[in-house]
1. Which trypsin sites (Lys or Arg not before Pro) from segment 546-592 combine a DSSP loop assignment with at most 12 other Cβ atoms within 10 Å?
2. Antiparallel versus total DSSP beta bridges in segment 398-557: what percent is that, nearest 5?
3. Just want the answer: with Cβ charges of +1 for Lys and Arg and -1 for Asp and Glu, which residue in TYR181, GLY338, SER424 is farthest toward the dipole's positive end in the chain?
4. Once Rh for the chain is found with the Kirkwood sum over Cα pairs, what is the Stokes-Einstein diffusion coefficient at 10 °C and 1.306 mPa s, in µm²/s?
5. Charges only on Cβ, +1 for Lys and Arg, -1 for Asp and Glu: so what's the dipole of segment 87-132 about the Cα centre, in debye to the nearest 20?
6. Compute, for segment 496-583, the length of the dipole vector about the Cα centre, with Cβ point charges of +1 (Lys, Arg) and -1 (Asp, Glu) only. Units Debye, rounded to 20.
7. Which percent of the accessible heavy-atom area of segment 530-625 goes to carbon and sulfur, probe 1.4 angstrom?
8. At 222 nm, what value in deg cm²/dmol follows for the chain if DSSP H runs of at least 4 each add -39500 (n - 2.57) and the sum is divided by all its residues, to the nearest 500?
Amino acid sequence: MSNNFLQHFRHQQQEAAYEKAMDTQCPFCSVQCTMQLLEQREGGRKKYKVLPLKETVSEARLCIKGRNAHQHALHRERILHPMKRVGRHFEQISWDDALHFIKEQFTSIQKQNGNDAVGVYGGGSLTNEEAYLLGKFARVALKTKHIDYNGRYCMSAAASAMSEAFGLDRGITNLVQEIPYSRCIILAGTNIAECQPTLLPYFQKAKENGAFIIALDPRETLTTKLADMHLKVKPGMDAALVNGMLKVILDQNLYDLSFIEERTNGFEELKEHIESLDLNEIAASTGIQREQMERAAVHFATGSTGMVFTARGVEQQTHGHATVRNFLNLILVTGNIGKLGSGYGAVTGQGNGQGGREHGQKADQLPGYRSIEHPEHRKYISKVWGITEEELPGKGVSAYEMIEKMDAEEIKALFIMGSNPLVSTPNANLAESALKKLKFLVVVDMFLSETAKHADLVLPSSSYLEDEGTMTNMEGRVTLRKAARSCPGEVRHDWQILCDVAAQLGKKTYFPFQSAEEIFNELRVASKGGKADYYGITYKRLEKERVFWPCPAPGHPGEGRLFTESFAHEDGKAKFLTVANHKPKEQPNRQFPLYLTTGRVMSHYLTGAQTRRSPALAAREIESFIRIHPSTAKAFHVQNHSLVKVESARGSIQARGLYDESIREDTVFVPFHWGDEQNINKVTYHALDPVCKMPGFKVCAVRIAPVVDLSRN
Ligand code: SF4
């Protein structure tokens, strides 16, 4: 009897024992694992069980987050009615009153200060339909140029680097099933074992097949333990380390000249730049010995296939764009792209980090990866939306710059959907001051998040169990997530809320949608001919299969592996870029002598607004912590498990100190899933990458000190 049969049989038995079975999809990361939620009434209470569903990407695996995702969706703290601030409290109001209140406030603020005085702030976990509609809502219903989203803090460096190098940005250039065919894999600033655990078996399989895995990370993680080689690079020095590897490859003639000549531009400039660099200097500045760099470079250049995966560790830097570009240089120099087991992947963190960045939530973007500054693109989208080109606003500013404009009182009202910027924004004390200066703040959320607590009006939105729509995984594979249950209380879907507000503002003809599918059908047309072309994808198709974009026509199979023959630039060639040996803009100094880097833990997601409300997940990591090398801890008089103050030039927090012999002695690590006095983004650095406007979250200078326990005095 096959394992598959046995698994299917057991699954059916378990399903039969429950009264209700709901097929759904995990909302917590871009692997988008599918699952079935089983419900049974026992006495007066309901009990639940989660079973993974077998599909192509996660292969019937679920991590701890997916297994407990329903706990927040069914949580008693869900907001079930619109709520208006009255003094220091919120009072329940009707939807009619809420919509009228929005119209009154937005209209008055825009009349006095111009359309751009109202901003819109979205999220990378919205469905494709809702992300698309939010972009249209900002430009057509509110006529403002100010829209951006929290994905700016997640994927913008990888997105801009891929667009510039390859002419197209799609998370992974290959199918994840190709990972086991790769002979050398670089995992740079990514902790897949804790952030996307269901992908880990692909890497384990690659190892079994003989792959050599190289991990770049200032600290030891479950992912670096899988690697054959761990380069414990100094925080923020990844671009220089790649320059060192490029130098070895060029010096030893290990580059793929025929690939370079046929398929790329700009190699001579790169070569000249790399020849001018000194390997010993790079070794000194990165903290990686020359021999280690040589070994890593030779493995990557001589493997018959090779892949590079980057994530926020190397992307959330003040030169994140250039750093990713240098990893792409490494791929191009070795010809490791466009073939089985060779390519690049940006490991997307947010639930719909890929789809959410394609259809117009970004300040400079229109649906289908069109540009808001390109005359032809503006013309096309204006026509789809039924407005004149003159009516379509221009380019706005990035997420952090929007916060600055709020603080400067240029943006006076804000509509937030699916985001918690008070916890996710670097220099979060400024974000709090900025939100407090707003004349009117609307937050659409499931919970009274740290941000929602500052709102004038909170609108209740649906959870992943209730909201139907499409999502796009890190490979660019589009999937349809059906609603598994109806909305509780007076909760409405995000897309319904956008249509309702637009109607109240007199724009109903532009927002006539009665279902997510109707919105998707408009999105298909809006993306037609764009780089992220969804035209050939329909709900009917998605009932039976997951489809890769670009998919320009109904019969088109979609493109799984990209760049097999040519790149997406007009001449079909990829572009090299020379990258300097960048150093992080903020360096440790006498006042703040340590590097701080931040990241995730396995049981929590982003700002923790959902996972902190899941009892099973919260119990695993109930509070924040600071990982610190014992020698460093002793130097700063910090006891293991005691409370520690972590402070930068911007602010401070308190967290539990945990000794960790595997972390660099000059570096401490704090996760970013908690708010208020444990919100590490009060400490992180807000300077922006000049190209993609990603803030430099991952590297800043801090000092630490024990928190005095007053009860002992
Ligand atoms: Fe899958 Fe990611 Fe959800 Fe874990 S968090 S179950 S890996 S989608």
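1. Those satisfying the criteria are ARG590.
2. So the antiparallel bridges amount to about 40 percent of the total.
3. Of the candidates, SER424 comes out farthest on the positive side.
4. 61
5. Once rounded to the nearest 20, the dipole reads 220 debye.
6. 220
7. Of the solvent-accessible surface of segment 530-625, carbon and sulfur hold 49 percent.
8. About -9000 deg cm²/dmol.
The values are calculated or read from the model by the stated rules, or taken from the named source; none is laboratory data. It should be emphasised that the depicted structure is a prediction, and the values quoted were computed from it without experimental measurement. Quick reminder, even Gly has a Cβ in these numbers, built from the backbone with ideal geometry, and neighbours come from all protein chains shown. For the accessible areas, the whole protein counts, side chains as well, though only heavy atoms, and no ligand, DNA or RNA atoms are used. Shrake-Rupley method; radii C 1.70, N 1.55, O 1.52, S 1.80 Å.
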